[in-house]
Structures are given as C-alpha cells and as structure tokens.
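What follows is one structure encoded as structure tokens, with my remarks underneath.
Please treat every number below as a calculation from the coordinates, not as lab data. Owing to the predicted nature of the structure, the values given are computational and were not obtained by experimental measurement. For neighbour counting, all protein chains shown are included, and Cβ atoms are generated from backbone atoms with ideal geometry for every residue, glycine included.
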Amino acid sequence: QKEVEQDPGPLSVPEGAIVSLNCTYSNSAFQYFMWYRQYSRKGPELLMYTYSSGNKEDGRFTAQVDKSSKYISLFIRDSQPSDSATYLCAMSGRNYGQNFVFGPGTRLSVLP
Amino acid sequence: EADIYQTPRYLVIGTGKKITLECSQTMGHDKMYWYQQDPGMELHLIHYSYGVNSTEKGDLSSESTVSRIRTEHFPLTLESARPSHTSQYLCASSETGRGRITEAFFGQGTRLTVV
C-alpha cells in the first residue's frame, strides 16, 4: 500500500460544478498538508497549505483535513475551464529529515 | 509567486554529452530537491540537500549527481546523457527552520530530450 493514495482520474465536470478531490494516507505522523496544481509541461504550483485538522478557504478553493480518518480534500467551487489541470496532494511530518510525500495526482477537465 | 528558477526550460542533446541543469532560489531556503517526472506520471525524488555541502540520494535511483556549494544554487549534472534520461526535471525548495517544514515551492522545470 502506498503512503498516499489519490484517484488518478481523469475527472471531467461541466463549468460551474463543484469539484471534490481527495487523498487518503496511512502515516499518522503527517502534520502538514498541501495541494498543488500542475498544468501540462509546467512545474507544480502551490494552491493550499494547511496544518492539522480543519478547513481552510481561499477564494473558490477550500482545503479540508480530517486527521482522525487520514483523509484530505480540496473543493473547487464554480469551476472554470482554466481549472483544468492535474491536482497533486502532498504531505510531510515534523521530522526535519522527512521529505514530502506526493500523491500521483488527479487529472481534472472542466468543460465549457 | 515562488522565486525559484530553472534553466534551460527545454534541452535537446545528443547521447553521450555532459549536461548540467541549473536551479536557483532567492528565498533563502535551506532544503532543496530534484524530482523527475515523466509525462502524465508521478513525481519521483532523485536528490535532495539539507544545506551547503549536503547532498542525499532520493527514492528513485538516478545516474545524475548534484552539488550544493551555495545555499541558493543546486545544479544537477548528467556526465553522459542517454535516451533513458529523457524526462522532465523539477527543482524545489522549502524552509525547515523554526521546528517545522514549510511547503515546497517548485521551479517551472527543464524538459530534457536525449536523442
């Protein structure tokens, strides 16, 4: 079993839909959780960064962390064609020597 | 916007050539990383560094080498390029001070093609 699981998609939704992207993880030491957006042939761009359980909102994006269930989510409201990209979750622990663990990414297409 | 830069963005080179991919960041981050990513595939960590004069191998075995002589600079070198090295190479950095690890910031990547 991989440390971080993420449905690779592809996920296709109509413009204006609410999108839910999810990751599950197995390592209870993870404390920091990130969502990245990656357009084709570009580097990942940080969207959201959260610490511990709870919600964090930024514009149309909401990140949710449930550490008891080892489950994180990214919600995109009023999705736009420009949101079409691959979304990667990532996480790390407090250990200085620990590197980030990335999910494989979910490919999202928002259709006009 | 992240202040981490990679050059070149695209490189096509012949088999057997020596190449160096450049990565620089102006955020003063101590930890830096190199990832390899094939199109539509996962990120694989190939090298990382905790700071000056520190280099470590990542989870994916790679024939490349890295150096960290200055905090802001983390170049990756392939002594003899082969077609199997064709991939996208992504550099990233993060801060590890104050008892926590910050998020990773990525460069735009170098797309390498070895012919």
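Table for the structure above
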read-out: Distance between segment A:72-105 and segment B:25-103 - C-alpha centres, whole angstrom; value: 19
read-out: Relative contact order, percent, chain B [alpha-carbon distance under 8 Å, six or more residues apart]; value: 36
read-out: Pairs of lysine residues in the protein assembly as shown - Cα separation under 28 Å, sequence separation of 8 or more or cross-chain; value: 20
read-out: Residue among B:46, A:33, A:61 farthest towards the positive dipole end of the protein assembly as shown, charges placed on Cβ; value: B:46
read-out: Globularity ratio of the protein assembly as shown, using Cα Rg and 2.2 N^0.38 Å; value: 1.02
read-out: Relative contact order %, segment A:59-112, counting alpha carbon pairs below 8 Å whose residues are six or more apart; value: 32
read-out: Percent RCO, i.e. relative contact order, over chain A, from Cα pairs under 8 Å lying at least 6 residues apart; value: 37
read-out: Size of electric dipole in chain A: Cβ of Lys, Arg +1 and of Asp, Glu -1, about Cα centre, debye, nearest 20; value: 240
read-out: Max mean-square fluctuation residue, GNM over chain B, Cα-Cα springs under 10 Å, options B:20, B:102, B:55; value: B:102
read-out: Choice from A:93, A:16, A:43 with maximal GNM fluctuation in chain A (Cα, 10 Å cutoff); value: A:43
read-out: Label point 7 Å beyond Cα of residue A:52 along Cβ direction - residues of segment A:4-45 with amide nitrogen under 18 Å; value: A:28-34
read-out: FRET efficiency estimate (nearest 0.05) - Cβ-Cβ, residue B:50 to residue A:71, R0 35 angstrom; value: 0.70
read-out: Footprinting exposure proxy for B:10, B:89, A:36 (fewest neighbouring C-beta atoms within 10 Å first); value: B:10, B:89, A:36
read-out: Listed residue (B:110, B:64, B:74) projecting farthest to the positive dipole end of segment B:31-115, Cβ model; value: B:74
read-out: Proximal charge balance of residue B:16 [Cβ under 15 Å; K/R count +1, D/E count -1]; value: +1
read-out: Exposure proxy ranking, count of Cβ atoms within 10 Å, fewest first, for A:70, B:31, B:18; value: B:18, A:70, B:31
read-out: Chain B: most fluctuating residue of B:87, B:24, B:61 per GNM, C-alpha cutoff 10 Å; value: B:61
read-out: Estimated dipole of segment B:4-93 in Debye, rounded to 20 [Cβ of Lys and Arg +1, of Asp and Glu -1, Cα centre]; value: 260
